[in-house]
C-alpha cells in the first residue's frame, strides 16, 4: 500500500486503464495515504462491522477497511473505476462491489443497496453498520441524512470526508449562521465531531473548497427522544425554509391547514417561547419538544373534529 494513492500512482493507474476523472460524479481522489489511513482508523472497525463505502475510487480506502471489517459493501457509480477497483482488490473475499448510484432519489437510498446491506448484516451475528467513505461532495448530505431514517439498520457510526462547509453545518451550535435543519437532524440523534480539516492540495483533481473528516456516532438515547422521525425531519426542514422569519409566523404557515394562530400561540406560550424567537436560536432539545407539542395539538384538534 505504500505507493498507492499518491498523485503519480493515481495518474499512472488511471492512464493505464484509459480512465479520466468525471466531474459530474464528484471525483476528487485523496492523495495523502496518511489521511486515507486516518479515515479508516477513525472508524474503529472490527469483525462484527459491515463497512459501507460510497465512492470506491481506486480502492485504497476499500483495502484498508476490508483488512479490519467483517464485510465491506462498496458502491461506485463509474463503471470504469468499478472495474479498476475490482481488479486491484481481487485478493479480498469480504468485499461486495456494487456499480450503481447509491441514491434512488434525494430522500432515499437505492433499493438494491438496502437489500445488500440487509443481506450482509444477516450473515454476521450482532452486526453493526458503519459508513466509511471519501464521499463525493454532491451526494454527501443525502447519504449522511438518509442513513439515519432507516430503523432496521441505523449506522453505529459514520466516518467520512466531506466538504468543510457541510462539516461546519453538522456540528454548528444554535444562534450561529451555520446552524440549521441538518444540524438539528444530526445532533438530535448523534454525537458529531470534525476530526481533521484538509487543504484542497491533498486531492487530485483539486476541489475549490476545503474538506473535513467527520466522525458521527449514533446515540440511541438521543434518538429515543424523537417519537416520530419522519414528522421531526419534515418539521425542521419546514421551519428553516424561511430561517430569518420569526418562529411564530413560520409555524402558522407550516401548520396553516391543521392549527389556528391561537393553537400555535398556546403551544409557544406553554414552552415560554416568545414570538420574536427564530428557529435558528432554539437548542436541539427545545426543537424536539416543540415538534412533539405541535403534533400533539394537531392530533387533539383532529380528534375533537372527529367527535363532533
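Looking only at strands (runs of 3 or more DSSP E) that fall completely inside the stretch 82-153, which ones have 1 or more residues that are free of Cβ contacts under 8 Å to residues at least 60 places away in the same chain?
95-99, 103-105
Residue by residue, here is whether (1) more than 13 Å from residue 291 (Cβ to Cβ); (2) surrounded by 19 or more Cβ atoms within 10 Å (Cβ to Cβ) holds:
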| site | (1), (2) |
| --- | --- |
| 162 | yes, yes |
| 184 | no, yes |
| 220 | yes, no |
| 223 | yes, no |
| 229 | no, no |
| 235 | no, yes |
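Please name all residue pairs, on different chains or six or more residues apart, with Cβ atoms under 7 Å, provided the first residue is in the stretch 216-241 and is assigned to a strand (DSSP E or B) and the second residue is surrounded by fewer than 16 Cβ atoms within 10 Å (Cβ to Cβ).
Going by the 7 Å Cβ cut-off, the qualifying pairs are 217/191.
With closer than 25 Å to residue 69 by Cα, assigned by TED's automatic domain parsing to the domain that holds residue 29 and buried (at least 18 other Cβ atoms within 10 Å of the Cβ) as the only criterion, which of 133, 188, 118 stands out?
Checking each option against the conditions leaves just 133.
Within the stretch 78-90, take every residue that is in contact with a helix residue (DSSP H, G or I) (Cβ under 9 Å, 6 or more places away or on another chain) and within 16 Å of residue 65 (Cα to Cα) and give me the one that is surrounded by the fewest Cβ atoms within 10 Å (Cβ to Cβ).
88
Looking only at the stretch 57-72, decide whether some residue is within 16 Å of the chain's Cα centre (by Cα) and either in the same structural domain as residue 167 (by TED's automatic domain parsing) or crowded, with 19+ Cβ neighbours inside 10 Å (or both).
No, every residue in the stretch 57-72 fails to be within 16 Å of the chain's Cα centre (by Cα) and either in the same structural domain as residue 167 (by TED's automatic domain parsing) or crowded, with 19+ Cβ neighbours inside 10 Å (or both).
May I ask you to list the residues in the stretch 48-77 that are without any contact (Cβ under 8 Å) to a residue 60 or more places away in the chain, closer than 20 Å to residue 114 by Cα, touching a helix residue (DSSP H, G or I) at 6+ places or on another chain (Cβ under 6 Å) and not in a loop (DSSP other than H, G, I, E, B)?
71, 72, 73, 74, 76
For the stretch 257-281, how many residues meet the condition of being within 18 Å of residue 231 (Cβ to Cβ), in a loop (DSSP other than H, G, I, E, B) and modelled with pLDDT of 95 or more?
Summing the residues that are within 18 Å of residue 231 (Cβ to Cβ), in a loop (DSSP other than H, G, I, E, B) and modelled with pLDDT of 95 or more in the stretch 257-281 gives 3.
Going through the stretch 165-203 one residue at a time, which ones are assigned to a strand (DSSP E or B), within 26 Å of residue 29 (Cβ to Cβ) and either out of contact with any helix residue (DSSP H, G or I) (no Cβ under 8 Å at 6 or more places or on another chain) or touching a residue at least 40 places away in the same chain (Cβ under 8 Å) (or both)?
Scanning the stretch 165-203 gives 195, 196, 198, 203.
If only one of 155, 136 is under 20 Å from residue 62 (Cα atoms) and modelled with pLDDT under 95, which one is it?
136
Determine, yes or no, whether residue 206 is assigned by TED's automatic domain parsing to the domain that holds residue 41 and either in contact (Cβ under 8 Å) with a residue 24 or more places away in the chain or outside any helix (DSSP H, G or I) (or both).
It is true that residue 206 is assigned by TED's automatic domain parsing to the domain that holds residue 41 and either in contact (Cβ under 8 Å) with a residue 24 or more places away in the chain or outside any helix (DSSP H, G or I) (or both).
Is the stretch 35-42 home to any residue that is in contact (Cβ under 8 Å) with a residue 12 or more places away in the chain and outside any helix (DSSP H, G or I)?
no
So residue 37 fits all but one of (1) in contact with a strand residue (DSSP E or B) (Cβ under 8 Å, 6 or more places away or on another chain); (2) within 21 Å of residue 212 (Cβ to Cβ); what number is the exception?
(1)
With the condition kept exactly as written, say whether any residue in the stretch 280-291 is surrounded by 16 or more Cβ atoms within 10 Å (Cβ to Cβ) and farther than 29 Å from residue 173 by Cα.
Checked against the condition, which is being surrounded by 16 or more Cβ atoms within 10 Å (Cβ to Cβ) and farther than 29 Å from residue 173 by Cα, the stretch 280-291 yields no hits at all.
The values are calculated or read from the model by the stated rules, or taken from the named source; none is laboratory data. This structure is a prediction, so every number in the text was calculated from the model and none was measured. When we count neighbours, we look across all protein chains shown, and the Cβ atoms used for this are built from the backbone with ideal geometry, even at glycine.
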